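Peer 1: Input: one structure, supplied below.
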Amino acid sequence: MSKPDRIAAVDVLVTSPTRNFVTLKITTEQGLVGWGDATLNGRELAVASYLRDHLAPLLIGRDPARIEDTWQYLYRGAYWRRGPVTMTSVGAVDLALWDIKGKAAGLPVYQLLGGAVRDRILSYTHATGWDIPQLLDSLDARLAQGFRAVRAQTGVPGLDIVYGVSKDGAAYEPAGRGLAPVEETWDTDAYLRHAPEALAAARSHLGPEVKLLHDAHHRLTPNQAARLGRSVEDLDLFWLEDVTPAENQEVLRTVRAKTTVPLAIGEVFHTVWECQSLITEQLIDYVRCCVTHAGGISHLRRIAALADIWQIQLGPHGPSDVSPVALAASLHVGLATPNFAIQEYMGYAPLVHEVFPHAWTYEDGHLHPGEAPGLGIEVDEELAARHPYEPAYLPVARRRDGSMTDW
Ligand code: GCO
Ligand code: MG
């Protein structure tokens, strides 16, 4: 038997090619390099420190082939486990080790996960407009790019900033650069008066076949969520996402009992345990966990396996605030996992594609991870270094009376 390879170096890159990304680089004694994404929007440096200060010293000298054992070691070994910072860090290590295993084997990661169960992965993107005519134009632009599944968000009359809608017609990016978050005003009643009308206009514009999605971004009470669900039931939504704040899972029972609209939740979950009762009680239709924020490929596969038993599908988070490395990993899972329904794909600024050259491709509304060994990602470290970290935060939201609410 040949001598096992060993992890020789662990480096963390924090770069801001238009927005911040945290990238993990693991190098082995035999010269293999594995990449992982560790971006946690608005809390980037906490993850970078967790990786640099706490995980890197534990990884040096370990056998990179022992992915599951390393996962268990980092998860169980933390004692203070779970949570976004820990699970994003563990996820980044997991991605980098799968990348190395693929490169060592000369195979794309999806082959190591059992091989393709589909030829390509359906993707959905975002359409946004301040008002309904602008939204319809944005939908047309997305269809022209080949998408056949689109998330529709609009401005709300009376509010001058709204989640999911870009200010200047450019691609939507929620995080604002600066030393403190932007404060937005939110009004749920105004939203509930407007959203069903906007979604109805979107459906009649699109016709019956295009898949239509909407994200309520954690802002409703269970009763409001049920009301919204009922009011859009005949629009045949693909899903309604994050109707209630994700930590309050019991309330999904109320929502579920009152509406048949398909529900998606999970972008802010980090482990299978947060999904457990939602899955086993069939309170949702789609799990939205992200491959990086939920502990990597190894853990997302575990979530998928539990969900599969209950006929629940995966529709992972894939906004522009997780890097092309994360998207690559999600696509390898997607190609090899039977109950993987759809991948969110917002796209990236051209500079982001340059910093992270990738084998994955988008064509005709679908994504494919490509055939390069490992995850199929390279990182232009020089270019990345020319765009250093800049403080940036997600917005916060206040009600009209000034009190804080969920953003
Ligand atoms: C989505 C999400 C994102 C989040 C963002 C926060 O469904 O794509 O809700 O747009 O708001 O990832 O960083
Ligand atoms: Mg969302």
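Peer 1: Quickly estimate the mean residue ellipticity at 222 nm for the chain, helices only: each DSSP H run with n ≥ 4 gives -39500 (n - 2.57), and the total goes over all residues, rounded to 500.
Peer 2: Numbers: 14 runs with 142 residues, N = 407.
After summing the helix terms and dividing by the residues of the chain, the value is -10500 deg cm²/dmol.
Peer 1: OK, next. Would you look at the GNM of the chain, springs on alpha carbons closer than 10 Å, and say which of THR361, THR86, THR154 moves the most?
Peer 2: Top of the fluctuation ranking is THR361.
Peer 1: Here is a follow-up. Using the alpha-carbon centroid of each, what span in Å lies between the range 225-263 and the range 280-295?
Peer 2: Comparing the Cα centres of the range 225-263 and the range 280-295, I get a distance of 15 Å.
Peer 1: Hey, what do the phi angles of the range 90-101 turn into as Karplus ³J(HN,Hα) couplings, whole Hz, using 6.51/-1.76/1.60 and θ = phi - 60°, x for Gly and Pro?
Peer 2: My calculation for the range 90-101 gives 4, x, 5, 5, 4, 4, 5, 6, 5, 4, 5, 4 Hz in order.
Peer 1: Please enumerate, by chain and number, the lysines with C-alpha under 28 Å from the C-alpha of LYS258, excluding those fewer than 8 residues away in the same chain.
Peer 2: Partners within reach: LYS211.
Peer 1: Nearest 20 debye, what's the magnitude of the dipole of the range 248-407 about its Cα centre given +1 on Lys and Arg Cβ and -1 on Asp and Glu Cβ?
Peer 2: Details: 10 positive and 19 negative charges, 168 e Å.
Roughly 800 debye for the range 248-407.
Peer 1: Distance between the C-alpha centers of the range 1-30 and the range 177-211? Whole Å please.
Peer 2: The two parts, judged by their Cα centres, are 39 Å apart.
Peer 1: Quick one, what does Rg over Rh come out to for the range 109-196 if you take C-alpha atoms and the Kirkwood Rh? Mind dumping the intermediate values first?
Peer 2: Details: Rg = 17.2 Å, Rh = 15.4 Å.
Over the Cα atoms of the range 109-196, Rg/Rh equals 1.12.
Peer 1: At 1.4 Å probe radius, can you tell me the per residue accessible area of the chain in Å²? Spell out each step's value before the answer.
Peer 2: Working: 16170 Å² over 407 residues.
Accessible surface, normalised per residue, equals 40 Å².
Peer 1: Placing +1 on the Cβ of each Lys and Arg and -1 on the Cβ of each Asp and Glu in the range 268-405, which of PRO357, TRP273, ALA385 has its Cα farthest towards the positive end of the resulting dipole?
Peer 2: Sorting the options by dipole projection puts first TRP273.
Peer 1: Pairs of Cα atoms under 8 Å, at least six residues apart: use those to get the relative contact order of the range 297-376, whole percent.
Peer 2: Details: 92 pairs, mean separation 24.2, N = 80.
RCO, the range 297-376: 30 percent.
Peer 1: Can you run the Rg to Rh ratio on the range 1-131? Use alpha carbon positions and the Kirkwood inverse-distance Rh. Display every interim value, and only then the final one.
Peer 2: Working: Rg = 16.6 Å, Rh = 16.1 Å.
On the Cα set of the range 1-131, Rg over Rh gives 1.03.
Peer 1: Evaluated at 10 °C with a viscosity of 1.306 mPa s, what Stokes-Einstein diffusion coefficient in µm²/s does the chain have when Rh comes from the Kirkwood expression over alpha-carbon pairs?
Peer 2: Numbers: Rh = 21.5 Å.
The Stokes-Einstein estimate is 74 µm²/s.
Peer 1: Among LEU122, ILE132, ALA149, pick out the residue whose Cα is farthest towards the positive end of the charge dipole of the range 113-152, where Lys and Arg carry +1 and Asp and Glu carry -1 on C-beta, about the Cα centre.
Peer 2: LEU122
Peer 1: Here's something else I'd like to know. Place a point 7 Å from the Cα of ALA46 along the Cα-to-Cβ direction; which residues of the range 380-402 have their backbone N under 17 Å from it?
Peer 2: Output list for this probe position: 391-397.
Peer 1: Still on this structure, I have one more. So what is the relative contact order of the chain, in percent, for Cα pairs below 8 Å that sit 6 or more residues apart?
Peer 2: Numbers: 911 pairs, mean separation 91.9, N = 407.
Once normalised by length, the contact order is 23 percent.
Peer 1: Further question on the same structure: Could you give the dipole magnitude of the range 112-371 about its Cα centre, charging the beta-carbon of Lys and Arg +1 and that of Asp and Glu -1, in debye to the nearest 20? Provide the component values of the computation, followed by the final result.
Peer 2: Values: 19 positive and 32 negative charges, 113 e Å.
The dipole of the range 112-371 has a size of about 540 debye.
Peer 1: Select from ALA305, ALA141, ALA202 the residue whose mean-square fluctuation is largest in a Gaussian network model of the chain (Cα-Cα springs shorter than 10 Å).
Peer 2: ALA141
Peer 1: Using DSSP to call loops (not H, G, I, E or B), can you name the GluC sites (Glu not before Pro) in the range 211-265 whose Cβ has at most 16 other Cβ atoms within 10 angstrom? All intermediate terms of the calculation are to be shown ahead of the outcome.
Peer 2: Details: sites: GLU233, GLU241, GLU247, GLU250; in loops: GLU247, GLU250.
Answer in residue order: GLU247, GLU250.
Peer 1: OK, next. Among TRP35, TRP310, TRP71, which one moves the most in a GNM of the chain with springs linking Cα atoms closer than 10 Å?
Peer 2: The residue that fluctuates most here is TRP310.
Peer 1: Quick one: which residues, 5+ away or cross-chain, put their amide H under 5 Å from the amide H of GLY370? H built at 1.01 Å from N.
Peer 2: It is THR361, by chain and number.
Peer 1: Kirkwood Rh, Cα Rg: Rg to Rh for the range 231-346? List each step's numbers first, then the result.
Peer 2: On the way: Rg = 13.4 Å, Rh = 14.1 Å.
Computed over Cα atoms, the ratio is 0.95.
Peer 1: Would you work out what percent of the accessible area of the range 112-371, with all protein chains in place, is carbon or sulfur (probe 1.4 Å)? Present the calculation step by step, with values, prior to reporting the outcome.
Peer 2: Working: 4890 of 9580 Å².
Here it works out to 51 percent.
Peer 1: Considering every pair of different Cα atoms, what Kirkwood radius, in Å, is found for the range 245-305? It would help to have the intermediate numbers written out before the result.
Peer 2: Working: mean 1/r = 0.0852 Å⁻¹.
This gives a value of 11.7 Å.
Peer 1: Okay, next question. Put +1 on the Cβ of every Lys and Arg and -1 on every Asp and Glu Cβ in the range 276-390; which of LEU306, HIS366, PHE340 then has its Cα farthest towards the positive end of the dipole?
Peer 2: The one lying farthest along the dipole's positive direction is LEU306.
The values are calculated or read from the model by the stated rules, or taken from the named source; none is laboratory data. From a predicted model like this one, the values you see are computed outputs, not experimental measurements. Neighbour counts run over all protein chains shown; Cβ positions are idealised from the backbone, glycine included. What goes into the accessible areas is simple: the full protein's heavy atoms, side chains included, and nothing from ligands, DNA or RNA. Shrake-Rupley method; radii C 1.70, N 1.55, O 1.52, S 1.80 Å.
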